[in-house]
Amino acid sequence: MLISKMAAEGGGKEMNEIKTQFTTREGVYKLLTHSEYSRPNRVPFNSQGSNPVKVSFVNVNDQSGNGDRICFNVGRELYFYIYKGVRKAADLSKPIDKRIYKGTQPTCHDFNHLTATAESVSLLVGFSAGQVQLIDPIKKETSKLFNEERLIDKSRVTCVKWVPGSESLFLVSHSSGNMYLYNVEHTCGTTAPHYQLLKQGENYSVHTCKSKSTRNPLLKWTVGEGTLNEFAFSPDGKFLACVSQDGFLRVFNFDAVELHGTMKSYFGGLLCVCWSPDGKYIVAGGEDDLVTVWSFLDCRVIARGHGHKSWVSVVAFDHYTTSVEESDPMEFSGSDEDFQDQMIHFGRDRANSTQSRLSKRNSTDSRPVSVTYRFGSVGQDTQLCLWDLTEDILFPHLPLSRTRTHTNVMNATSPPPAGATIITNTSSNATNGNNSGASTPGINSLSTALPRSNSLPQPAAPTTTTTTTANNTNKAGSGGGIGSGIMDSAIATGVSKFATLSLHDRKERHPEKDHKRNHSMGHISSKSSDKLNLLTKTKTDPAKTLGTLLCPRMEDVPLLEPLICKKIAHERLTVLIFLEDCLVTACQEGFICTWARPGKVGLLPSQNQASSPSGTVV
């Protein structure tokens, strides 16, 4: 690799050089070459025609303090190692478990963090032929194989995840566009399942399995057209975001099996999706080379980011670098409950981290808390981009005021409550406004601001704004669908959902460094039926969706510029995971790289990695 000088801003001009460090406002991130994980022989994998390399983490709460475990797939192989991160060099000669599969390839995997111990972990693995395997790589056991005869679905598994808060339920998506809910305690049956319709909406349907005895799958979701590429649960586990090859983001109330909102890509399919730590925003990426930020509360696109030169393969929020700042006093009608001390739960459950708890809000401090969200993306252009979603993008009509770092935290709750006040340019008022007392901080008394770009000030053009109260369509407790059936018994409550916030000063704003933005508020309906009607008219014709709430024109929403945009690999990037002391990336050659956060470098000398273990052939 070639080491080049890094700049704090902008993307690398030396596009042919592989970067081994980069600088942000927090400091320098450095690639730890001795912490690279791969196949034991360290030979680049010939990725032609292979499924993407994926990485999963789990913490087994080992008393030795080294409880982190990593799983990754490369071609037909699956590896399970102790992950030493920034502390020690990787020892590739000693995998805890290695498996080589015949006739199929692993495509994705997920650990159950609730049940993980130093003696046992439950790992789900999806395969290119459609099967899902439940294994214990510590005990080196294979407990169950689901869809073994491919009677449920014959297409490739695209995503598999345990249902948050559950020790037995998991969700699987396929390239067929179907998702299936399984219970590890149930069998799949010896014949193809028969289904009966449970609920149907615009371009989605949900069926239950029709049988005399309970069997898998419990539910079958058919979502959109074409491959369902990825899904992600909201931090509280109540909502499910799905992205499909038809270019749509669809967000469902998982318990009530109802569509909450929809978004359409600028063009092409959507490939990846993630939630902000507080569940207020969703970021999606895909074949339009963009990252798109969607507001859960307003059900609309609030920003796009352009930095990649090819398809965006992974998006992820950095829970540890989300800045929390105190603004000048302004009207705030939220409650102190928005700032309660909560634990953030994400892919790697770091139970002993001092940063894994949120600060309690000082009840005597009446000033609102603003948040700068940090998220990242990697793509097939081999580039890593980091982005900041700042207050002037989230609330473009707020006057810019001086801010200072504060130890308060963002609203660490589930997706925002029904009835939060939003802004619209229509004069119609919603009449369905239960719980209308709650509102988003600082959004009640907004003065109209000008659209602005990076370097070209624009003349004032006053517009009229009217507030209207939107009522979310969360009907989890309404008794409809399976709210009182399968899902009520399926999903446990009370599980912590959020990761910690590391507090950093926001860099001073300079006019020439402001994000590009041209903001135009469209009509925001308070009724889910209106959203569905809009989708009904436009879902099949991209030309008709452009310029609507589903897909605003480029000039109608702010355009984010990446903080950094660096080429970090030779092959397309397939993994981006933010951990407490590092971030992890992986490319299709099968190399999993650890990037130490500023001040976190602490490696011991490289260890002998010459020997190659024998693997388990399945």
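General observations
- Flag if V28 is hydrophobic (A, V, I, L, M, F, W, C), open to solvent by 50 Å² or more (accessible area, probe 1.4 Å) and not in a loop (DSSP other than H, G, I, E, B): yes
Yes/no matrix, rows are residues, columns are (1) open to solvent by 40 Å² or more (accessible area, probe 1.4 Å); (2) touching a strand residue (DSSP E or B) at 6+ places or on another chain (Cβ under 9 Å); (3) at negative phi; (4) not small (G, A, S):
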residue	(1), (2), (3), (4)
Q48	yes, no, yes, yes
D68	no, yes, yes, yes
K84	no, yes, yes, yes
A90	no, yes, yes, no
D110	no, yes, yes, yes
K144	yes, yes, yes, yes
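- The set of residues from the range 177-187 being touching a Leu at 6+ places or on another chain (Cβ under 8 Å) and surrounded by fewer than 22 Cβ atoms within 10 Å (Cβ to Cβ) comprises N178, N183, V184, H186.
- When N73, N61 are checked against the criterion of being of a type in the set (S, T, N, Q) and either outside any loop (DSSP other than H, G, I, E, B) or touching an Asp or Glu at 6+ places or on another chain (Cβ under 7 Å) (or both), N73 stands alone in meeting it.
- Some residue of the range 222-242 being more than 17 Å from the chain's Cα centre (by Cα) and outside any loop (DSSP other than H, G, I, E, B): yes
- Taken over the range 177-209, the criterion of being of a type outside the set (S, T, N, Q) and under 25 Å from T262 (Cα atoms) is satisfied by G177, M179, Y180, L181, L197, L198, K199, G201, E202, Y204, V206, H207.
- Listed by first and then second residue, the pairs with beta-carbon distance under 6 Å, at least 6 apart or on different chains, first residue in the range 121-142 and on the phi > 0 side of the Ramachandran plot and open to solvent by 30 Å² or more (accessible area, probe 1.4 Å), second assigned to a strand (DSSP E or B) and at pLDDT 95 or above, are K140/D97.
- The condition (being part of a loop (DSSP other than H, G, I, E, B), open to solvent by less than 10 Å² (accessible area, probe 1.4 Å) and either out of contact with any helix residue (DSSP H, G or I) (no Cβ under 6 Å at 6 or more places or on another chain) or modelled with pLDDT under 95 (or both)) is satisfied by just one residue among D298, D278: D278.
- Taken residue by residue, the range 253-264 has no member that is surrounded by fewer than 23 Cβ atoms within 10 Å (Cβ to Cβ), closer than 20 Å to F375 by Cβ and hydrophobic (A, V, I, L, M, F, W, C).
- No other residue among F22, F57, F45 is under 28 Å from T107 (Cβ atoms) and at pLDDT 90 or above apart from F57.
- The range 152-166, subset under 18 Å from D236 (Cβ atoms) and in contact with a Leu (Cβ under 6 Å, 6 or more places away or on another chain), residue surrounded by the fewest Cβ atoms within 10 Å (Cβ to Cβ): K161
The values are calculated or read from the model by the stated rules, or taken from the named source; none is laboratory data. Computed from a prediction, not measured in an experiment: that's the story for all the values here. Note that we place each Cβ from the backbone using ideal geometry, even for glycine, and neighbour counts take in every protein chain shown. When the accessible area is computed, the model is the full protein with side chains, heavy atoms only, and any ligands, DNA or RNA have been set aside. Shrake-Rupley method; radii C 1.70, N 1.55, O 1.52, S 1.80 Å.
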